[in-house]
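Since the structure comes first, as structure tokens, the remarks are kept for the end.
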Amino acid sequence: MDYKYIEQLLERYFQGETTLQEEQILKSFYTQGADEMPQGLRQYAPLFEVVNEKPELDEDFDQMVLSKTEDIPQVKARVVSLTERLRPLFGAAATVAILLTLGNAISQSMKNNNVWVDMDQYATNEVVSEGPAVAYGQVSDSLTLAKDEQQMVAPVDSLIGANLD
């Protein structure tokens, strides 16, 4: 017999490249129990003898397996809706929206406070000399108006306490 073919099949079998038909050839070769088989091939005989043996199950095997499965608690599947799946993302989206709103508000307030003053204007003597004069004129005008309003209000205040009969 050509043992080289069997050796090639064994090599492919241990690499996991054999087909089912080739494995059947190996099983049948080792079940024949050829005594003239070389020592290198004889060492694999127990492997294929074990593969060919089919274990016999007792008659009460099914009952034993069923009794062990009865002790396992039954788990019911829970239906998870789309809103429940996305609920963690809602909080994250709200946080991002708040942060963006605050950032925009801060940005807008910073833009409004950026009033640039022309420092060259204050360096000239005109502005310095006119500044106090303008301020004095505004204050004196305000005092004059206040004095006029006080004179108009004073007679009315004196009539409040008097008898007008």
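The values are calculated or read from the model by the stated rules, or taken from the named source; none is laboratory data. Quick caveat: nothing in here was measured; it's all calculated off a predicted structure. Here the Cβ is made from the backbone with ideal geometry for all residues, glycine too, and neighbour counts use every protein chain on show. Accessible surface areas use protein heavy atoms only, side chains included; no ligands, DNA or RNA. Shrake-Rupley method; radii C 1.70, N 1.55, O 1.52, S 1.80 Å.
Remarks
- Per the listing 133, 154, 162, 105, the residue uniquely open to solvent by less than 100 Å² (accessible area, probe 1.4 Å) and at pLDDT 80 or above is 105.
- Looking across region 56-91, the residues that are of a type in the set (Asp, Glu), part of a loop (DSSP other than H, G, I, E, B) and open to solvent by 100 Å² or more (accessible area, probe 1.4 Å) come down to 56, 58, 59, 71.
- Filtered by the rule that a residue be open to solvent by 100 Å² or more (accessible area, probe 1.4 Å) and either at pLDDT below 80 or within 52 Å of the chain's Cα centre (by Cα) (or both), region 1-16 gives 1, 11, 14, 15.
- Flag if residue 30 is touching a helix residue (DSSP H, G or I) at 6+ places or on another chain (Cβ under 7 Å), surrounded by 13 or more Cβ atoms within 10 Å (Cβ to Cβ), at pLDDT below 80 and at negative phi: yes
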